[in-house]
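Below: one structure, written as structure tokens.
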């Protein structure tokens with residue numbers, strides 16, 4: 001789905017990843033589920049691009065529903081995969097702390113699990129190797145993504161701010177559709193390692209100005225970054 005010039009989404013409100021094209025090449029931000037491969041190729045084609053134009057995969061963190069087809073791109077097509085060094089082991093499948101599911105409702109849970117299973121969520125291929133970055137930096141990749149560390153959901157969770165596209169990609173630093181309850185609008189993401197730390201990290205996000213707030217789960221948010229952060233904090237306080 002084309003969101004704006006040079007900005008496309010793969011997937012839906014259950015699991016999404018994004019393609020960025022600045023004219024010099026394409027950056028993929030997150031890699032969804034392995035079974036979203038065909039949708040990814042379809043979106044590349046709709047952009048008038050091919051796999052040879054893909055310069056890198058950037059992971060907001062190392063969870064299974066964000067690394068889906070990243071290893072396929074790395075091992076099969078030589079596309080480097082980048083992740084914060086604190087999540088490198090996670091992306092390689094070297095273990096993940098147990099996290100609480102929290103509130104849930106049967107229908108959204110079944111919808112999320114069913115979607116994930118059908119699209120390869122039980123057949124995750126972990127990364128054979130990754131490239132790493134640390135803390136705040138600007139990566140020399142299409143879109144010139146600026147890394148915003150957002151620890152909490154995982155140790156190495158980050159957001160990527162691309163000023164040229166007026167967009168910030170937040171991964172699971174927040175959600176606009178809670179996959180376990182079905183509640184829409186900005187709120188804390190489930191399966192978070194350290195919820196209090198994740199909320200504290202939102203201070204860094206609140207400093208960003210961007211028209212597009214793009215999560216890994218839920219619809220794109222266009223109501224302003226500060227308002228999204230306010231709503232996440234409000235939802236957390238009410239839960």
ask   = Among 118, 130, 147, which is the only one that is crowded, with 18+ Cβ neighbours inside 10 Å and touching a helix residue (DSSP H, G or I) at 6+ places or on another chain (Cβ under 8 Å)?
value = 130
query = Is it the case that region 105-112 has a residue that's buried (at least 16 other Cβ atoms within 10 Å of the Cβ) and either in a loop (DSSP other than H, G, I, E, B) or in contact with a strand residue (DSSP E or B) (Cβ under 7 Å, 6 or more places away or on another chain) (or both)?
reply = no
message = Please verify whether residue 218 is assigned to a loop (DSSP other than H, G, I, E, B), loosely packed, with under 15 Cβ neighbours inside 10 Å and either out of contact with any helix residue (DSSP H, G or I) (no Cβ under 6 Å at 6 or more places or on another chain) or at pLDDT 95 or above (or both), treating the condition exactly as stated.
response = no
task = Could you please give the count of residues in region 43-91 that are without any contact (Cβ under 8 Å) to a residue 12 or more places away in the chain and in a loop (DSSP other than H, G, I, E, B)?
result = 3
inquiry  = Of the conditions (1) free of Cβ contacts under 8 Å to residues at least 12 places away in the same chain; (2) touching a strand residue (DSSP E or B) at 6+ places or on another chain (Cβ under 6 Å), residue 218 satisfies every one except a single condition; which number is it?
reply    = (1)
inquiry  = Name the single residue that is surrounded by the most Cβ atoms within 10 Å (Cβ to Cβ) among those in region 155-180 being at pLDDT below 95 and within 16 Å of residue 66 (Cβ to Cβ).
reply    = 179
remark   = Going through region 1-23 in order, the residues found to be within 16 Å of residue 47 (Cα to Cα), out of contact with any helix residue (DSSP H, G or I) (no Cβ under 9 Å at 6 or more places or on another chain) and modelled with pLDDT under 95 are 23
ask   = What is the residue count in region 64-89 for residues that are modelled with pLDDT under 95 and either in contact with a strand residue (DSSP E or B) (Cβ under 9 Å, 6 or more places away or on another chain) or farther than 21 Å from residue 148 by Cβ (or both)?
value = 1
message = Quick check on this structure: which one of 195, 142, 190 is farther than 17 Å from residue 211 by Cα and surrounded by fewer than 21 Cβ atoms within 10 Å (Cβ to Cβ)?
response = 195
task = Find the residue count for region 1-42, including only residues that are touching a residue at least 12 places away in the same chain (Cβ under 8 Å) and in a helix (DSSP H, G or I).
result = 6
Those residues of region 204-215 which are without any contact (Cβ under 8 Å) to a residue 60 or more places away in the chain and either under 20 Å from residue 59 (Cα atoms) or part of a loop (DSSP other than H, G, I, E, B) (or both), in sequence order = 204, 205, 207, 209, 210, 211, 213
message = Every residue in region 132-149 that is free of Cβ contacts under 8 Å to residues at least 60 places away in the same chain and within 22 Å of residue 94 (Cα to Cα), please.
response = 132, 133, 134, 135
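The values are calculated or read from the model by the stated rules, or taken from the named source; none is laboratory data. Please read all numbers here as calculations on a predicted model, not as lab measurements. Glycine gets a Cβ as well: all are built from the backbone with ideal geometry, and neighbour counts include every protein chain shown.
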